[in-house]
1. Would you say Arg403 is at pLDDT 90 or above, under 42 Å from the mean Cα position of the chain (by Cα), among the charged types (D, E, K, R) and closer than 25 Å to Phe256 by Cα?
2. Go over the candidates Ile196, Ile212, Ile179, Ile270 one by one and state the one that is within 18 Å of the chain's Cα centre (by Cα) and under 27 Å from Val166 (Cβ atoms).
3. Can you name the residue in region 277-301 that is among the charged types (D, E, K, R) and at pLDDT 90 or above and, of all such residues, is nearest to Leu346 (Cα to Cα)?
4. Within region 218-226, does at least one residue satisfy the condition of being under 26 Å from Leu320 (Cα atoms), of a type outside the set (Ser, Thr, Tyr), in contact with a Gly (Cβ under 8 Å, 6 or more places away or on another chain) and in a helix (DSSP H, G or I)?
5. Starting from region 259-275, take each residue that is in contact (Cβ under 8 Å) with a residue 60 or more places away in the chain and list its partners that are hydrophobic (A, V, I, L, M, F, W, C) and in a helix (DSSP H, G or I), counting only C-beta distances under 6 angstrom and pairs at least six apart or across chains.
6. Taking strands (runs of 3 or more DSSP E) that fall entirely within region 316-372, which contain at least 1 residues that are under 22 Å from Ile257 (Cα atoms)?
7. Is it true that Arg423 is surrounded by 14 or more Cβ atoms within 10 Å (Cβ to Cβ), at pLDDT 50 or above, of a type outside the set (A, V, I, L, M) and in the same structural domain as Asn331 (by TED's automatic domain parsing)?
8. Any residue in region 177-195 that is in contact (Cβ under 8 Å) with a residue 24 or more places away in the chain and assigned to a helix (DSSP H, G or I) sitting within a Cβ distance under 7 Å of a residue that is of a type in the set (A, V, I, L, M, F, W, C) and surrounded by 15 or more Cβ atoms within 10 Å (Cβ to Cβ)? List the pairs, counting only those 6 or more apart or interchain.
Amino acid sequence: MENIFGIGLHLAQAYYQPFNILSPRCLKVYWPANIQSVTFVYGRSHTAGIGGGLVAGGNEWELNAPSTNPTTPPSPGREAAKNGTGEGKTRRRLTPDERSRLIEALRAGVEKGYGYMRIWRMLRESGIIVSGKTVQYWYYRRYPEKVRRRGGYLPRELRIRLYEKVLELRRAGLGYWRIRRRIEELYGVVLSPSVIVYWCLGVHTPYNGIRIPTIDHLEPSPELAYVIGVVSGDGWTYKTRSGEYEVGARVKDRDFIEEFSRCSGRVLGIEPPKPIPVVDGQFKVRVQSKVLYQLLQKPIDIKRIKPFIGHCEDCMRSFLRGFFDGEGSVNKNGVILCYNTDTKLLEYVQRLLNRLGIETTGPRICTRRGTPFLNKKLGKIYKRRKDLYCIYVKMKDRLRFYRLIGFTIQRKQQRLQEHLKRRGLLDTPPNQTLPQPSPPPPTSHNNEKSVERVESFARCCRRGFRR
């Protein structure tokens with residue numbers, strides 16, 4: 001026998017084809033056809049992928065060169081599996097007797113509450129040589145309820161409160177284990193020490209991957225109130241199959257959708273999304289936000305949106321402007337109507353209008369359920385699935401509505417403005433660039449004349465009744 005390095009040198013000098021050691025578990029030797037056998041000593045007794053025949057004897061391996069081009073022989077594991085010795089790392093099929101004994105051992109082990117590793121040790125002690133992977137496969141196949149599934153996360157609101165408390169206790173000088181015990185005393189939640197460490201080091205936070213974590217973190221603003229008003233009317237909320245939450249609107253007026261896009265971007269702290277043209281001449285804008293989805297999921301929960309609308313007068317005006325942009329209408333005679341199928345929402349809108357000094361009537365039913373209507377663009381006839389209700393802004397408060405609320409949609413705003421001009425109630429239009437309407441102007445000469453006419457008409461009526 002020669003040393004392995006001697007063989008490499010001998011082959012390199014004689015045939016200029018030195019062998020290559022690819023890895024500690026792979027030895028590859030190239031030899032010409034006239035070498036019939038080589039015997040060497042290798043430090044580890046493990047199988048290597050070497051062309052030709054292989055005879056293993058302790059630490060001495062003998063390589064017999066093949067007569068033709070060398071190919072990889074079957075490994076000893078496969079040979080042992082063919083011989084039925086059960087040795088080697090290759091997979092083999094269980095015999096019917098082994099399978100039945102395995103199933104019986106699984107049944108007995110599960111009744112005693114054993115895991116698959118303990119059942120595997122029992123099988124080896126009884127003389128059945130199977131791998132742990134095989135026992136695990138049959139264990140979970142026959143008893144799928146034993147599969148350990150990851151538990152659900154704690155609610156994000158609770159995790160955020162825990163996170164803030166952990167940081168507060170850490171700043172106070174408490175150690176990780178003392179923080180863990182303190183959190184358990186206060187909230188009844190046992191946190192993992194690794195979670196506390198990651199939170200304190202800033203590796204992970206409950207705020208990761210979300211712009212606004214909860215509804216409680218939403219700040220009331222005119223922009224948020226406008227988004228609420230639009231989604232309450234023409235908007236929609238949707239949860240995709242992949243678990244994404246979308247909020248959006250689809251309208252035909254570009255100025256309307258641009259204002260909705262601006263307010264949505266301002267609320268979420270992102271760039272305003274670009275309006276997407278749709279085939280039928282409409283525009284669509286959608287944003288992804290779980291918080292807005294939870295806040296505006298239909299049917300609208302009045303109690304949930306009240307804090308953001310009743311925060312101030314500007315928020316009330318913005319909400320009403322967004323709602324009337326989507327659900328309101330103005331005809332040539334200046335009649336202002338607002339439609340919706342939710343009577344509770346319309347009653348809430350009425351209360352807000354009354355707080356601003358604008359009187360309304362209704363809600364009364366306009367179209368009953370099951371009434372057919374024609375879609376002129378598609379040329380199809382549909383039936384209404386719900387009763388449609390409307391509220392009516394009284395004539396005497398149209399000017400006040402125009403001054404305090406108005407419309408973002410210019411065609412509606414111009415129609416109302418022309419009607420007020422014909423009646424002599426409007427001299428100068430309000431500044432539409434401001435997010436809130438301007439206060440009402442002082443009474444003009446024409447307005448005084450109209451008031452005098454109304455008062456004289458009322459006096460004549462009273463005289464007639466007295467007669």
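The values are calculated or read from the model by the stated rules, or taken from the named source; none is laboratory data. Not measured: the values here are computed from a predicted model. Cβ placement follows ideal geometry from the backbone for every residue including glycine, while neighbour counts extend to all protein chains displayed.
1. Working: at pLDDT 90 or above: yes; under 42 Å from the mean Cα position of the chain (by Cα): yes; among the charged types (D, E, K, R): yes; closer than 25 Å to Phe256 by Cα: yes.
Against the criterion (at pLDDT 90 or above, under 42 Å from the mean Cα position of the chain (by Cα), among the charged types (D, E, K, R) and closer than 25 Å to Phe256 by Cα), Arg403 qualifies.
2. Values: Ile196 fails: within 18 Å of the chain's Cα centre (by Cα); Ile179 fails: within 18 Å of the chain's Cα centre (by Cα); Ile270 fails: under 27 Å from Val166 (Cβ atoms).
That would be Ile212, the only listed residue that is within 18 Å of the chain's Cα centre (by Cα) and under 27 Å from Val166 (Cβ atoms).
3. If we filter region 277-301 for residues that are among the charged types (D, E, K, R), which is where we start, we get 280, 284, 286, 290, 298, 301.
Imposing the further condition that a residue be at pLDDT 90 or above reduces the set to 284, 286, 301.
Working: Lys284: 25, Arg286: 25, Asp301: 13 Å.
Ranking the candidates gives Asp301 first.
4. Going through region 218-226, the residues under 26 Å from Leu320 (Cα atoms) turn out to be 218-226.
Add one more test, that the residue is of a type outside the set (Ser, Thr, Tyr), and what stays is 218-220, 222-225.
Applying the additional criterion that residues be in contact with a Gly (Cβ under 8 Å, 6 or more places away or on another chain) yields 225.
Those left that are additionally in a helix (DSSP H, G or I): 225.
Yes, the conditions are met somewhere in region 218-226.
5. Phe260/Val230
6. Numbers: elements: 328-330, 336-340, 360-367.
In region 316-372, 328-330, 336-340 are the strands (runs of 3 or more DSSP E) which contain 1 or more residues that are under 22 Å from Ile257 (Cα atoms).
7. On the way: surrounded by 14 or more Cβ atoms within 10 Å (Cβ to Cβ): yes; at pLDDT 50 or above: yes; of a type outside the set (A, V, I, L, M): yes; in the same structural domain as Asn331 (by TED's automatic domain parsing): yes.
Yes, satisfied.
8. Tyr187/Leu162
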